[in-house]
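A.B. asks: Pasting in a structure now, in structure tokens, and then I'll have a few things to ask.
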Amino acid sequence: MKTLSRRGLLAAGTLSALPLASARAQAYPSQPIRLVVPYAPGGGSDFTGRLVAQKLQESGGGYSFIVDNRPGAAGMIGTEVVARAPADGYTLLYADVAHGINPAVYSKARYDPVKSFVPITLVGASPQVLVAHPSFPANSLKELLAMPREQLQKIAVGTPGQGSGPHLTYELLRVKVGFDLVHVPYKGGGPALNDAINGQIPLVMNAMAPVMPHLQSGKLKALAIATAERHPRLPDVQTYAESAPGVVVYNWYGFLAPAGTSAEVTDKLAKDIARVLTLPDVKEKFDAAFLDVMPQGSAEMARFLDDEVRQWKAVAVQTGISLD
């Protein structure tokens with residue numbers, strides 16, 4: 001009778017355990033996933049992140065999510081939490097446009113927006129729009145840029161705050177066309193839009209989602225939209241690119257995982273999220289919120305994020321913006 005040595009028994013035991021280990025590896029997700037939203041409840045990030053998480057839970061794929069709102073420091077607090085989390089697929093970040101902007105304007109950001117994370121997929125986006133009170137003399141960005149320089153330097157433009165996506169969109173526009181307005185940073189987009197409606201400030205930059213109801217009601221008018229081509233929701237509104245090539249800016253949303261998270265996990269998440277985004281009720285809610293579904297997949301998001309980080313770093317260097 002052939003006998004096995006202790007080493008042979010250990011080897012046999014190891015081999016017999018391989019199918020079990022493999023099964024466990026394929027069981028993702030086998031525990032609740034913490035989705036960190038780096039903002040307070042109630043905003044666009046919270047709404048869309050919770051919607052996708054809810055639909056994943058209802059999909060029958062074994063998903064269970066805990067949405068963890070971690071506001072503060074322009075989203076950097078929650079982002080750092082995920083950057084330092086285990087790379088096991090059970091802590092994810094729901095990022096937006098600030099992810100690429102913050103490290104460019106805040107030296108205190110203790111993570112790299114690309115190297116500290118693995119992209120999973122983009123979800124949706126809302127392009128930036130330049131709007132004005134209906135009485136404003138210009139009806140397009142082209143007409144605005146044609147105004148005398150001394151007049152432009154007296155015109156105020158409101159944004160939701162220093163370092164916000166709309167603020168950096170304005171700075172990018174300044175770099176591209178070399179003009180200056182009076183930038184007025186508000187504490188949020190709502191107050192800026194209200195002041196524009198009331199005629200207290202002539203121009204505001206913000207994403208399509210918050211400005212569309214005011215455009216539809218006629219309380220504001222759109223001068224330009226920061227898309228590469230005319231947008232189907234605003235087909236008569238010129239793009240920024242028509243007067244300032246290269247100014248294409250979205251307030252986007254997407255999923256990221258800590259660096260080192262396996263491709264098996266991120267690919268599964270990307271495919272399941274893409275499937276959720278095709279659901280009629282999800283598409284309906286995105287459409288009602290004036291959000292466009294973005295290209296899905298890790299590779300697509302990686303390319304997009306690289307472009308974002310490079311763009312905002314260049315803007316910060318060229319304008320000297322530092323918010324530390």
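The values are calculated or read from the model by the stated rules, or taken from the named source; none is laboratory data. Bear in mind that the values here come from a model prediction, so they are computed numbers and not experimental data. Cβ coordinates were reconstructed from backbone atoms using ideal geometry, including for glycine residues, and neighbour counts include every protein chain displayed.
A.B. asks: Being of a type in the set (Lys, Arg) and out of contact with any helix residue (DSSP H, G or I) (no Cβ under 7 Å at 6 or more places or on another chain) narrows it down to one of Lys142, Lys154, so name that one.
C.D. replies: Lys154
A.B. asks: Across segment 195-216, what is the total count of residues that are over 19 Å from Pro137 (Cα atoms) and surrounded by fewer than 18 Cβ atoms within 10 Å (Cβ to Cβ)?
C.D. replies: Of segment 195-216, the ones over 19 Å from Pro137 (Cα atoms) are 206-213, 216.
Next, only the ones that are surrounded by fewer than 18 Cβ atoms within 10 Å (Cβ to Cβ) stay: 213, 216.
The total comes to 2.
A.B. asks: Anything in segment 59-80 that is assigned to a helix (DSSP H, G or I), surrounded by fewer than 18 Cβ atoms within 10 Å (Cβ to Cβ) and modelled with pLDDT of 95 or more? List them, or say none.
C.D. replies: Applying the first criterion (assigned to a helix (DSSP H, G or I)) to segment 59-80 yields 73-80.
Now drop any that are not surrounded by fewer than 18 Cβ atoms within 10 Å (Cβ to Cβ), which leaves 73, 77.
Ile77 - this is the single residue of segment 59-80 that is assigned to a helix (DSSP H, G or I), surrounded by fewer than 18 Cβ atoms within 10 Å (Cβ to Cβ) and modelled with pLDDT of 95 or more.
A.B. asks: Could I ask something else about it? Confirm whether Thr239 is crowded, with 17+ Cβ neighbours inside 10 Å, assigned by TED's automatic domain parsing to the domain that holds Pro86 and β-branched (Val, Ile, Thr). Please lay out each step first, then the result.
C.D. replies: On the way: crowded, with 17+ Cβ neighbours inside 10 Å: yes; assigned by TED's automatic domain parsing to the domain that holds Pro86: no; β-branched (Val, Ile, Thr): yes.
In short, no.
A.B. asks: Another one. For segment 236-261, which residues satisfy the criterion of being assigned to a loop (DSSP other than H, G, I, E, B), among the aliphatic types (A, V, I, L, M) and closer than 16 Å to Ala302 by Cβ? Give the derivation first.
C.D. replies: First, the residues of segment 236-261 that are assigned to a loop (DSSP other than H, G, I, E, B): 236-238, 244-249, 259-261.
Applying the additional criterion that residues be among the aliphatic types (A, V, I, L, M) yields 237, 244, 247-249, 259.
Answer for segment 236-261, where residues must be assigned to a loop (DSSP other than H, G, I, E, B), among the aliphatic types (A, V, I, L, M) and closer than 16 Å to Ala302 by Cβ: just Ala259.
A.B. asks: A follow-up question, please. Kindly provide the set of residues from segment 272-298 that are out of contact with any Pro (no Cβ under 8 Å at 6 or more places or on another chain) and either under 15 Å from Leu92 (Cβ atoms) or aliphatic (A, V, I, L, M) (or both), ordered by number.
C.D. replies: Answer for segment 272-298, where residues must be out of contact with any Pro (no Cβ under 8 Å at 6 or more places or on another chain) and either under 15 Å from Leu92 (Cβ atoms) or aliphatic (A, V, I, L, M) (or both): Asp272, Ile273, Ala274, Val276, Leu277, Leu279, Val282, Ala288, Ala289, Leu291, Val293, Met294.
A.B. asks: In segment 175-217, what residues are outside any loop (DSSP other than H, G, I, E, B) and acidic (Asp, Glu)? Working first, answer last.
C.D. replies: Let us first name the residues in segment 175-217 that are outside any loop (DSSP other than H, G, I, E, B), namely 175-177, 182-185, 189-197, 203-217.
Within segment 175-217, just Asp195 meets the criteria.
A.B. asks: In segment 89-174, which strands (runs of 3 or more DSSP E) lie fully inside it and hold 1 or more residues that are on the phi > 0 side of the Ramachandran plot and over 14 Å from the mean Cα position of the chain (by Cα)? Even if it seems obvious, please write down each step before you answer.
C.D. replies: Values: elements: 91-96, 117-132, 156-159.
Ranges flagged: none.
A.B. asks: If you scan segment 170-190, which residues turn out to be modelled with pLDDT of 95 or more and farther than 25 Å from Pro148 by Cα?
C.D. replies: Selection gives Tyr186 alone.
A.B. asks: When residues of segment 172-231 are filtered for being touching a Phe, Trp or Tyr at 6+ places or on another chain (Cβ under 9 Å) and of a type in the set (Asp, Glu), how many remain?
C.D. replies: Counting residues in segment 172-231 that are touching a Phe, Trp or Tyr at 6+ places or on another chain (Cβ under 9 Å) and of a type in the set (Asp, Glu) gives 1.
A.B. asks: Let me ask something else. Can you tell me how many residues within segment 155-169 are of a type in the set (Ser, Thr, Tyr) and touching a Pro at 6+ places or on another chain (Cβ under 9 Å)?
C.D. replies: Within segment 155-169, the subset of a type in the set (Ser, Thr, Tyr) is 159, 164, 169.
Keeping just the survivors that are touching a Pro at 6+ places or on another chain (Cβ under 9 Å) gives 159, 164.
Final tally of qualifying residues: 2.
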